[in-house]
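Heads up, the thing below is written out as structure tokens.
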Amino acid sequence: MSISAEKRAPVPAAQARRKPFGARFKRDLRKNWKLYLLFLPILCYFLVFKYGPMAGLVISFQNFKPAKGIGGSAWVGMKHFQDFFRDPYFRRLIVNTFRIALSTLVFSFPSAIVLALLINELRSKKTSRVVQTISYVPHFISTVVLCGIIRDLVSRTGGVTMLLHQLFGMPVTNMLYEPGYFVPIYIVSDIWTNIGWNSIVYLSALTAIDQELYEAAKVDGANKWHQIIHVTIPCLVPTIVIMFILKVGKMFDVGYEKIMLLYTPLTYETADVINTYVYRRGFAENVNYSYSTAVGFFNSVVCFTLVFVTNKLSRRLSGSSLW
Amino acid sequence: MKKNKGPAIRIPLGERIFYAADNVLMVILCVCILVPLLHVLAGSFSDGTAYMTHSGLLLWPLKPTTAAYASVLGNKDIWTGYGNTLFIVVVGTGLDMLFTLVAAYVLSRREYMLKKLFNLLVVFSMYFSGGMIPFFLVVKEVGLYKSTWALIIPSLVNVFNLVILRTAMLGVPDSLEESAQLDGAGHLTILFRIIFPLVLPSFAVVSLYYAVSHWNSWFNAMLFIKERSKYPLQLILREILILSDTDEGMMMSETIQFATIVVATVPILCAYPFIQRYFVKGVMVGAVKG
């Protein structure tokens, strides 16, 4: 991720610094009009489909009626936000979103790092290639198909239900209808889908480690374990930090597409997250565009703040950051 | 498990245990990944009623039959879905790439004044978005509601992919572009004749990302597409796999569901060995900054 890596050379047009902006821009436009023309369609695209919706956030301060449009709808100030904070589901949504997001951070995120370390330590190149190829496969299965498979495996007679019953004596039920199983199902299937794929980044960082570091460690009497702790992991830290920031930024965007395919009203108790609620209040039940937008707005702001803060922190602590 | 072939090197016992454990863990992982897939495959070749009375994981078909496939192949919805998805993947990815290439080119140039502003504009939209409802309203306002184009135009540029391409273009030596410019080449010539061949690996990666995301997407289609004849494959799959046991969908036996999964997934998995290399490269291009 090189968000701000476009530092090439100082802009040569610095001789025009003293002139007012308008004049400079006119000159620039005359000189580079072809470049601007080329960017025009892209600019339009971003303004309409990325910034248009951002401008559309104003309807969260209105009682928006599609028939009246933004101009004709009544303004209600912060009402929808206050309503959301008083919503009987507010606590549940926040807790569920946090629970799923944190579980992903605690279980899915490190799983890929561990897998990369384990693959890296395999002695046979061939084994390591086979493991990699197999572990990437689930990434190519679409969310809908994945959820179809999950539904079958955890149904009353499903393979996973039976296996857990035989191994641990767990009750035979359709696990998707039990609130207690939702998060484990979500996390395990998330690991199944992504562990191999997410390990690629770490593997490529691992291959970049200077072998001499290991030789030096061996000379100093370091055993395998010491080498992993004192050489491999420190070399991985910058990559881990970058991936962690990206992950935290996406944290509140928990895979709502997957949740929507897996949850039922029976499991809302643990499965309903902010984004699924946004969808339901926007399209399915008790539809209210403005309210739903306000809830989504809240979510976006939390997301943005999270990336911002993590990025700041990581720059201070480890020197790696997104921008 | 695998012994070191070097004759003179003695591996301490602790390390040998470590390597053995490592190999065992990897075998367990591969089994865990493959068994569910094998189960689906075995199920798709099983007899419908035999599967109904069976419980647990299948590793081999029960009363092998291809009846489920016959019924999937006879299902018209699946084929129209396939056709729609193919259209979206081909046209969508083509347009995505055109837009992303041009955007990456302009953002990687340094001679114009608004460069910083444009970059900021683009990157900010990666971290903050208007959310579901405003997006829906914009698409509706633009007149794309209920049209297949609603699945193509609103998602033309993915900023993450754009950043991958821009980074690749920044790696192209300036001197190449400058000498072309001296020869009187315009921007499009520079982009397609000089830069494009040099960023081909990243180009391949990014097109694959786009193609896969079009192939997999169902949520936007659910929001925007109302006519069944325009449903992409994933929406049809959703009806068959997810909604079939609720009142919204049609009843389908599990073996037919499995056969559907196989029919809808095998094309991608067949292409997988060929594209894996590019994907792997792409993850590195996109994620390794320094």
What does the charge add up to near B:LEU198, with Lys and Arg as +1, Asp and Glu as -1, over the other residues with Cβ less than 13 Å from its Cβ?
-1
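How large is the accessible surface per residue of region A:22-77, computed with a 1.4 Å probe and reported in Å² as a whole number?
Details: 3110 Å² over 56 residues.
Per-residue value: 56 Å².
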Please go through region A:181-283 and write out the chymotrypsin sites (Phe, Trp or Tyr not before Pro) that DSSP classes as loop and that have at most 12 other C-beta atoms within 10 Å.
none
May I ask for the distance between the Cα centers of region B:32-97 and region A:172-194, given as a whole number of Å?
22 Å
In 10 Å bins starting at zero, report the fraction of Cα pairs in region A:40-192 per bin as a rounded %.
8, 19, 23, 23, 16, 8, 1
In square nanometres and to one decimal, what's the mean projected area of the convex hull around the Cα atoms of region A:22-77?
5.8 nm²
Find how many whole Å separate the alpha carbon centroid of region A:27-49 from the alpha carbon centroid of region A:112-137.
46 Å
Give the A-B buried accessible area in Å², both sides summed, 1.4 Å probe, nearest 100.
9600 Å²
If one builds a Gaussian network model of chain A from Cα atoms under 10 Å apart, the most fluctuating residue listed among A:ASP210, A:ASP83, A:ASP190 is A:ASP210
Considering only protein heavy atoms and a 1.4 Å probe, what is the carbon-and-sulfur percentage of the accessible area of the protein assembly as shown?
66 percent
³J(HN,Hα), Karplus 6.51/-1.76/1.60, whole Hz, each residue of region B:217-225, x for Gly, Pro
6, 9, 5, 4, 4, 5, 6, 9, 9
In whole Å, largest first, what are the principal axis extents of the Cα atoms in region B:70-227?
62, 38, 23
Using the Karplus curve 6.51 cos²θ - 1.76 cosθ + 1.60 with θ = phi - 60°, what ³J(HN,Hα) values do you get for each residue of region B:34-44, in whole Hz, with x for Gly and Pro?
7, 4, x, 5, 5, 4, 4, 4, 5, x, 5
Would you please report the Å³ per residue occupied by the convex hull of the alpha carbon atoms in region B:49-122?
193 Å³
Scoring chain B by relative contact order with C-alpha pairs under 8 Å, at least six apart, yields a percentage of 27 percent
Once Lys and Arg get +1 and Asp and Glu get -1 on their Cβ, which of A:GLY72, A:PHE39, A:TYR51 lies farthest toward the positive end of the dipole of region A:22-77?
A:PHE39
Given the whole protein assembly as supplied and a 1.4 Å probe, what does the accessible area of B:PHE18 come to in Å², nearest 10?
50 Å²
Given Cα positions, please report Rg to Rh for chain A, the hydrodynamic radius being the Kirkwood one.
1.06
Residues whose built amide H sits under 5 Å from the amide H of A:GLN62, excluding neighbours closer than 5 in sequence, are A:VAL76
Dipole of region B:120-241, positive direction: furthest Cα of B:ALA180, B:ASN220, B:SER207, with charges on the beta-carbon
B:ASN220
Where does the protein assembly as shown land on Rg/Rh, using Cα atoms and the Kirkwood Rh?
0.98
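Can you tell me the accessible area per residue over chain B, all protein chains present, probe 1.4 angstrom, in square angstrom?
46 Å²
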q = 0.17, 0.20, 0.30 Å⁻¹: log10 I(q)/I(0) that the Debye formula gives for region B:13-65, counting C-alpha atoms only:
-0.59, -0.68, -1.04
Semi-axis lengths, Å, chain B, gyration tensor of Cα atoms, sqrt of 5 times eigenvalues
41, 33, 16
Taking a 31 Å limit on the Cα-Cα distance, which of the listed pairs A:LYS258/B:LYS146; A:LYS65/A:LYS312; A:LYS224/A:LYS250 fall beyond it?
A:LYS65/A:LYS312; A:LYS224/A:LYS250
GNM result for chain B, Cα springs below 10 Å: residue of B:LEU57, B:LEU25, B:LEU101 fluctuating most strongly:
B:LEU25
Convex hull volume of the Cα atoms in region A:198-323, per residue, in Å³?
148 Å³
Karplus (6.51, -1.76, 1.60) ³J(HN,Hα), θ = phi - 60°, over region A:212-220, in Hz, Gly and Pro reported as x
4, 4, 5, 4, 4, 5, 5, 4, 6
List the aspartates and glutamates whose Cα lies under 18 Å from the Cα of A:LYS126, skipping any in the same chain that are fewer than 8 positions away.
B:ASP22
Residues other than A:GLN62 with Cβ under 10 Å of its Cβ, Lys/Arg counted +1 and Asp/Glu -1, net out at +3
For region A:42-84, listing trypsin sites (Lys or Arg not before Pro) in a DSSP loop whose Cβ sees at most 15 other Cβ atoms within 10 Å gives A:LYS68
Largest first, what is the accessible-area ranking of B:GLU111, B:GLU141, B:GLU178 with a 1.4 Å probe?
B:GLU141, B:GLU178, B:GLU111
Within region B:1-94, list the trypsin sites (Lys or Arg not before Pro) lying in a DSSP loop whose Cβ has at most 11 other Cβ atoms in a 10 Å radius.
B:LYS3, B:LYS5, B:ARG10
If one builds a Gaussian network model of chain A from Cα atoms under 10 Å apart, the most fluctuating residue listed among A:SER111, A:SER292, A:SER142 is A:SER142
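The values are calculated or read from the model by the stated rules, or taken from the named source; none is laboratory data. Since this is a predicted model, take the numbers as computed values, not measurements. FYI the Cβ positions are ideal-geometry reconstructions off the backbone, even for glycines, and counts take in every protein chain you see. To get the accessible areas, we keep the full protein, side chains included, count just its heavy atoms, and leave off ligands, DNA and RNA. Shrake-Rupley method; radii C 1.70, N 1.55, O 1.52, S 1.80 Å.
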